[in-house]
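Okay, structure first, notes after.
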Amino acid sequence: MLIQTKYFGEIEINKEQIIEFTQGIPGFLEERQFVLLPLEENEFFYVLQSVKHANPAFIVVNPFHFVSQYEFDLDEVTLKLLDIESQSDVQVLCIVSLKEPFETSTANLQAPIIINHKNKRARQYITNSKDYSTKERLFMKSNTSEVKED
């Protein structure tokens, strides 16, 4: 299946790669099908690309690479909606806001993307945690050297 992307032009994907957001993503409720694409030459950042249109396309990251103490509990509604049976079913990503200079880029740790990688169902989950914000810096002094060494 051919799709038009924001960052890679027209590419071919397999239908098995499609991730279904049954409730859409807040602010983009009509966009329900996405695909996760790696950024070339980068093992940390990905693009969560709409299958329907070139926009939206979100830069996302596994938050655990940058914030080792990141944690939250999923509610029962999310567990049922995504049919999550165990922690190993879950992939967590956070939407990134890229900034100049790059080291000041932030991630939305308040509302991670939760994906059941077994059935390809996903949801943006609002944690309502006061421990995290929608603009958490990715590169803190204590984390920067850890990321660069990997």
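Each reported figure results from applying straightforward, stated rules to the coordinates on display, with no laboratory input. Given the structure is predicted, the values throughout are model-derived calculations rather than measurements. Methodologically, a virtual Cβ is constructed for each residue, glycine included, from the backbone with ideal geometry; neighbour enumeration extends over all protein chains shown.
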Query raised in the report: Which whole-Hz ³J(HN,Hα) couplings does the stretch 34-41 yield from phi under the Karplus relation 6.51 cos²θ - 1.76 cosθ + 1.60, θ = phi - 60°, glycine and proline marked x?
Result: 9, 9, 9, 10, x, 7, 4, 6
Query raised in the report: Using 0.36 nm per residue, how much length does the chain from S129 to Q17 gain when fully extended, once their Cα-Cα distance is taken away?
Result: 37.2 nm
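Relative to the compact globular guide of 2.2 N^0.38 Å, what is the alpha carbon radius of gyration of the chain, as a ratio?
Working: Rg = 15.3 Å, N = 150, 2.2 N^0.38 = 14.8 Å.
For the chain, the normalised Cα radius of gyration is 1.04.
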Query raised in the report: Under a 5 Å amide H to amide H cut-off, with H placed in plane at 1.01 Å, what residues pair with T134 once short-range neighbours are removed?
Result: Q110
Query raised in the report: How large is ³J(HN,Hα), in whole Hz, for each residue of the stretch 97-110 in order, when computed from phi with the Karplus curve 6.51 cos²θ - 1.76 cosθ + 1.60 and θ = phi - 60°, using x for Gly and Pro?
Result: 9, 6, 9, 10, x, 3, 5, 9, 4, 10, 10, 8, 7, 6
Query - Spin-label zone in the stretch 1-25 - amide nitrogen under 11 Å from a point set 7 Å from the Cα of Q91 along the C-beta vector - result: 17-20
Query raised in the report: Hey, what do the phi angles of the stretch 66-74 turn into as Karplus ³J(HN,Hα) couplings, whole Hz, using 6.51/-1.76/1.60 and θ = phi - 60°, x for Gly and Pro?
Result: 10, 10, 5, 8, 5, 7, 6, 10, 7
